[in-house]
Amino acid sequence: MADEHKHEEPAGESVMEKITEKIHGHDSSSSSSSSDTDDDKKSSTSSLKTKVFRLFGREKPVHKVLGGGKPADVFLWRNKKISAGVLGGATAIWVLFQLLEYHLLTLVCHCLIVALAVLFLWSNASTFINKSPPRIPEVYIPEEPVLQLASALRFEINRAFTLLREIASGRDLKKFLSVIAGLWVVSIVGSWCNFLTLFYIVFVLLHTVPVIYEKYEDRVDSFSEKAWAEIKKQYAVFDAKVLSKIPRSLKDKKKA
């Protein structure tokens, strides 16, 4: 009897082990299937995110598109006091030069006269009124920011020259038409106002359009997607009716 009990116990233990293995196997398979479904959901959501239309095909946030750093903070009103001060200073300059017809050289000379006169009188009067003279800071232009600005400006000018060369070579008709249309619009706007007013308008737009776009990003992107689809549709019609006939006529003339 003792031997039978000894043989029954490992048999019972083996049955229990099989049951527990099945339960663990089912749990592991269910967990793996759930992880697979989670991975599928993540991949589907990531694919949906990549398929979202963004204005001008951008893939970075608006802050990165504007270059990041302090200029982007000013344009996006991260610090309202600094942004308001910059915009107010530009408005004051525009009012002085455009509305009051002040000249740049006259303004610079008058500002220097006032500043030098105040500092000179303060320095001489400090000995009579027993006060410390004014601390005039040493102003100098650092080399690194100037080199960075010159390098960035050189890069943009070279890229503009490359673009003009590609357009002039006649390889891309679509780019040629878009550049011609843009220059035509700029020429019309330039005939309405002078360079200072145009620069001020661009400066105000840089302080308003990016922050509004960042606030209503999804709405603007959905609307621009519809507008871009309509532009492509109209361009396809124009290509089929007009542009596709130009090479044929040239070929017919060459044959004749």
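The values are calculated or read from the model by the stated rules, or taken from the named source; none is laboratory data. Treat the numbers as computed from the prediction; the structure is a model and nothing was measured. Ideal geometry is used to build each Cβ from the backbone, glycine not excepted, and the neighbour counts take in all protein chains shown. Side chains included, ligands, DNA and RNA excluded: accessible areas come from the protein's heavy atoms. Shrake-Rupley method; radii C 1.70, N 1.55, O 1.52, S 1.80 Å.
Here are the numbers for the structure shown:
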read-out	value
Counted residues, the range 108-132 - those being open to solvent by less than 80 Å² (accessible area, probe 1.4 Å) and more than 35 Å from the chain's Cα centre (by Cα)	9
Answer residue from the range 140-178, given it is out of contact with any helix residue (DSSP H, G or I) (no Cβ under 9 Å at 6 or more places or on another chain) and of a type in the set (Lys, Arg) and is most open to solvent (accessible area, probe 1.4 Å) among those	ARG171
Condition check for SER224: surrounded by 13 or more Cβ atoms within 10 Å (Cβ to Cβ) and under 28 Å from SER83 (Cβ atoms)	yes
Any hit, the range 164-179, residues being among the aromatic types (Phe, Trp, Tyr) and modelled with pLDDT under 85	no
Which numbered condition PRO137 misses (of (1) at pLDDT 85 or above; (2) open to solvent by 60 Å² or more (accessible area, probe 1.4 Å); (3) not hydroxyl-bearing (Ser, Thr, Tyr))	(1)
Any hit, the range 180-203, residues being assigned to a helix (DSSP H, G or I), closer than 26 Å to PRO61 by Cα and outside the structural domain of PRO71 (by the TED database)	yes
Residue among VAL185, VAL189 that alone is open to solvent by 60 Å² or more (accessible area, probe 1.4 Å) and either within 30 Å of GLY89 (Cβ to Cβ) or at pLDDT 90 or above (or both)	VAL185
